[in-house]
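Presented below is the structure to which this report refers.
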Amino acid sequence: MRVDTLSEPVTIKLSTKLNDSAIRKKDAIGKEHKDKGYTVMGGVALLLLQSAMIPAQAANAVKSGQRVLMIEMTPALCSLQPTRVRMRQCLEGYSLTVSGLDMGYGERCGRGVEPRLTPLQLKVVNRIMPDTTVRSQVWQHYGACSPLSASSYFRQITNYAGALKLPNELNTGNSYTVSKSRFIGQMTRLNSGMPAASIDLICQAGSRRQTILTDVHVCYEGSEFGSCSEVVDNCGKKFIISGGK
């Protein structure tokens, strides 16, 4: 297992699935990376989003205040929680997925309501939220509480995700032990204007009582990074980024 070797920041294209070359090189952990981080969404998705921004009337209805983008470390959760093994992101080898956007309007407002997305938007959202059940639960839990339509709510998610950069180690398929301070420092360097207080790291205990990173929450004030008002921050000084093997 590689220790404390977070690389410099690059941008991946197309999706958050583990790339084939990373999987083939799973055992070559000693190789130094020269990448510079990557965006949660790929370039194709961003091109599609440029012509699908939030309508003005919907944007005007959205209150200002804190938003929390919730990102799951998919290999870790697929390994730690056996009930997830049949989920699409586990079966197809995604390296991370978005699990929701809390916009501060409350929770659980849309029981039984399914989000309606156009085929084009569904294609974009699938890149970061591939599981149909997860999308429905996110909409019912958070989106339906807001004044936004399902289409506008999921555009908010993809816009935030499309602009966010994460350390490349989250997408290699390898496992790393890293220090919390170095990981957060990498995040703030990758994302201009992001303070350390915008990041909340959440971990779970592994089979050997190892601390494994499972979630990264990023907090915003409107369209800018903001300080998280409620944090879990239970990872300690060091934790493992799991490649799933």
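Spherically averaged projected area of the convex hull of Cα atoms, region 126-245: 8.3 nm².
When each of the peptides 192-198, 70-76, 136-142 is scored by how many other beta carbons lie within 10 Å of its residues on average, the order from highest to lowest is 70-76, 136-142, 192-198.
Using a probe radius of 1.4 angstrom, the carbon and sulfur fraction of the accessible surface of region 107-179 is 49%.
In region 119-228, Cα pairs under 8 Å separated by at least six residues give a relative contact order of 15 percent. Of all DSSP bridge pairs formed entirely within region 129-245, close to 95 percent run antiparallel.
One decimal place: the segment ARG182-SER223 gains 12.2 nm when fully extended, by the rule 0.36 nm per residue minus the C-alpha distance. Based on the Stokes-Einstein relation at 20 °C and a viscosity of 1.002 mPa s, and on the Kirkwood radius from alpha carbon pairs, region 198-243 is assigned a translational diffusion coefficient of 187 µm²/s.
The values are calculated or read from the model by the stated rules, or taken from the named source; none is laboratory data. Fair warning: this is a prediction, and the values are worked out from it, not measured in the lab. Methodologically, a virtual Cβ is constructed for each residue, glycine included, from the backbone with ideal geometry; neighbour enumeration extends over all protein chains shown. Heads up: the accessible areas ignore ligands, DNA and RNA and are worked out on the full protein's heavy atoms, side chains in. Shrake-Rupley method; radii C 1.70, N 1.55, O 1.52, S 1.80 Å.
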